[in-house]
Amino acid sequence: MILPRSDLLPRMAKSLTKKKPAAAFAAGDDESARGRLLNAATHLFCKNGINATGIDAIIDEAGTAKTTLYKLFGSKTNLVHAVLESEGKQWREWFIGAIEAGGGDPQTKLARIFPALKTWFAEERFYGCPFINAVAEHDKDAKQFRNIALKHKKVVLAHIEKLAGEMGATEPAVLAHQLALLIDGAIVAAMVSCDPAVADTAGLAAGNLFAPAKAKKPKRAATTAEQLVAV
């Protein structure tokens, strides 16, 4: 949270005395209610599950009216979409920031993935990945949440693949997918076991991938037809 500077306080107090148009108050109220509803829904969806969380529980925790929820989001499904979009953006910003913090070469950055996840796993409100949870809760043929989850994963994969390429991996996409599988596995294991240390094990497995990923691919043996042409 950014606190206001002391030199801004007199000006802020003065501005509060000015009368604002009714439309400005309405817009501010909607924005405040939207934020409270998103926060409440995020907490309840992650803690109790999407299907188990009813509209009444959300508006009760948010301190808003049911009409306000439908006015701002239209439906529970739209609220779920908004929660996933918001959570995905915040998580990606945190994750990429965590592995980039401190600089270093690309391999050093990739090695920060699992220590960063361990910190997340240790948080009191760690309930697993909201995307994995959302897809797991719904029919496997349902695409509405799966598409949002895939969009999120593509952004994360793209950044990991970029670092893998800069590291010198011969197949950056393959290494990125290997690391992504370890990430997803660690998230699920941490959620089930409530043990942040699973990130250490996943980190050891990830470390074993780096050297082979940079090894040159062996030359392909010539086929019989190619050998005959060369004669």
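Quick note: the coordinates plus some simple rules give every number you see, no bench work behind them. It should be emphasised that the depicted structure is a prediction, and the values quoted were computed from it without experimental measurement. Cβ placement follows ideal geometry from the backbone for every residue including glycine, while neighbour counts extend to all protein chains displayed.
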Between Leu181 and Ser193, with labels modelled 7 Å along Cα→Cβ, what's the label distance in nm to one decimal, could you check?
1.9 nm
Given a Förster radius of 25 Å and the C-beta distance between Ile132 and Ala57 as r, what FRET efficiency does 1/(1 + (r/R0)^6) yield to the nearest 0.05?
0.70
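Once the piece of chain linking Ile96 and Asp200 is laid out straight, how much longer is it, given 0.36 nm per residue of separation minus the C-alpha distance between them? Show your work: numbers first, answer last.
Working: separation 104, 0.36 × 104 = 37.44 nm, distance 1.88 nm.
Net length gain for the segment: 35.6 nm.
Once R0 is set to 41 Å, what does the formula 1/(1 + (r/R0)^6) return for the Cβ-Cβ distance between Glu31 and Asp105, expressed as a FRET efficiency to the nearest 0.05? Don't jump to the answer; show the numbers that get you there.
Working: r = 43 Å, r/R0 = 1.04.
E between Glu31 and Asp105, to the nearest 0.05, is 0.45.
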Going down the list Lys140/Lys214; Lys143/Lys214; Lys89/Lys143; Lys76/Lys109, which pairs span over 31 Å between their C-alpha atoms?
Lys140/Lys214; Lys143/Lys214; Lys76/Lys109
Calculate the radius of gyration of the Cα atoms of segment 83-231 to one decimal place, then report Dmax, the largest Cα-Cα distance, as a whole number, both in Å.
18.7, 70
Multiplying the sequence separation of Thr170 and Asp141 by 0.36 nm and subtracting their Cα-Cα distance, what value in nm do you get?
6.9 nm
Order by neighbour count: Trp94, Trp120, fewest other Cβ atoms within 10 Å first, most last.
Trp94, Trp120
